[in-house]
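The values are calculated or read from the model by the stated rules, or taken from the named source; none is laboratory data. As the structure is a computational prediction, the values presented were derived from the model and not from experiment. Cβ placement follows ideal geometry from the backbone for every residue including glycine, while neighbour counts extend to all protein chains displayed. Ligands, DNA and RNA are stripped out before the accessible areas are found, and what is left, the full protein with its side chains, is counted by its heavy atoms. Shrake-Rupley method; radii C 1.70, N 1.55, O 1.52, S 1.80 Å.
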Amino acid sequence: MGGDIGLASSSGVWVQYMNTRYLVKRALYALATIYVAVSLTFFLIRLLPGGPKTYIKNKLMKSQTSMSVEEINNLAAAYTNVYPDQPLHMQYLSYMTSAVQGDFGTSVWFGEPVSQVIWRAMPWTLFLSTTTLFLGLMIGIVVGGLMAYNEGGRFDIGMTTYTLISGSIPYYMLAILLIYVFGFIWGIFPTSGAYASGVEPGFNLPFMMSVAYHATLPITSMVLVAFGGTALGLRSNAISELGADYIRAARIRALPQHRIALRYVARNAILPMYTGIMMGIASVFGGSIILEQIFGYQGVGYIMFKATMSRDYPLMMGSFILVTVATVVGIFIADVTYGMVDPRIEAGGEGRESY
């Protein structure tokens, strides 16, 4: 018995060691990915014709004719966190050092620190994207479950046809159609903005109702397109689970149908989609650029578009860093938590290392 206890204790220590080792390994991979992506973006942006150095210096020379070249260089450095006359590798070290400390320079378009511009826009993108993601997942799971339960029926055929058609339509085309019909023709919903101009922002009912009212069309245009993929994926997984041996065993044991559907079929059907769901959460900052531009919704996607069009390179870099970090962190969380939602897979085990 003592030998069995010692063996179990050693096994527990080994599993804990492997989990810690796996967690550290994935964290290092995530940090390396962020570093490489940000570094490549820095150099690619600065190698573009008319890069930030040329653009900002020309703009300052036109608007500040009384300033000397040295003063213009110092002012350009304040905007970009790099000194334009320094070698490229020194500019890189200067920018990365400041970025690690949370200083991404000053936005040329807005005339404010990049961190403030992004921080002000972030809540709007979070609200719009997370609401869309949540509704799309919930509707997709319910519709996919009903499609699997009614396999071959009218509902299954009808929804399969709809999801295939909606999946081939870009969400921004649907957004333009909704604006045209419900905004310009019928005048039911506003066509731009996040809330009415005369409403005082804050935690009050008029403001929250105005926010929900203005977000109706953007959210609807995304949800009508997004839930189809989830529904088809769940339907396929649920149908394969319905024929599994453990489902037959559960029916032989006369377990209630709702327990089989929810605790066995639905849970195991969602598991293969878990990583995709987490990646969808991770992409909330970068997936709404076109949508926010169409609706004039001043979130992170909107300011990224404005930064690109106005050649606001500090804001472009800051926005890209935010999107990169959010995406990598979301994938990292999905990776290290998959073993928690699916007990059949242990973190650091062979099943995880295979991909």
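Given points 7 Å out from each Cα along the Cα-Cβ axis, report the Ile290 to Tyr92 separation in nanometres with one decimal. Here the modelled spin labels are 3.3 nm apart.
Rounded to the nearest 0.05, what FRET efficiency do Tyr162 and Tyr213 have when you use their Cβ-Cβ distance and R0 = 25 Å? With R0 = 25 Å, the Cβ-Cβ based efficiency is 0.40.
A P(r) calculated from all alpha carbon pairs of segment 157-268, with 5 Å bins opening at zero, reads 2, 10, 14, 12, 11, 11, 10, 9, 9, 6, 4, 1, 0 percent. Using C-alpha pairs under 8 Å with a sequence gap of at least 6, the mean separation divided by the residue count of segment 105-227 gives a relative contact order of 31 percent. Among the chymotrypsin sites (Phe, Trp or Tyr not before Pro) found in segment 155-201, those both in a DSSP coil and sparsely packed, with 11 or fewer other Cβ atoms within 10 Å of their Cβ, are Trp186.
Computed over segment 196-236, the P(r) tail beyond 16 angstrom holds 53 percent of alpha carbon pairs.
How high is the FRET efficiency between Ile277 and Met309 when r is their beta carbon distance and R₀ equals 25 Å, given to the nearest 0.05? E(calc), rounded to 0.05, equals 0.15. Over segment 173-227, accessible surface divided per residue gives 57 Å², non-protein components excluded, 1.4 Å probe.
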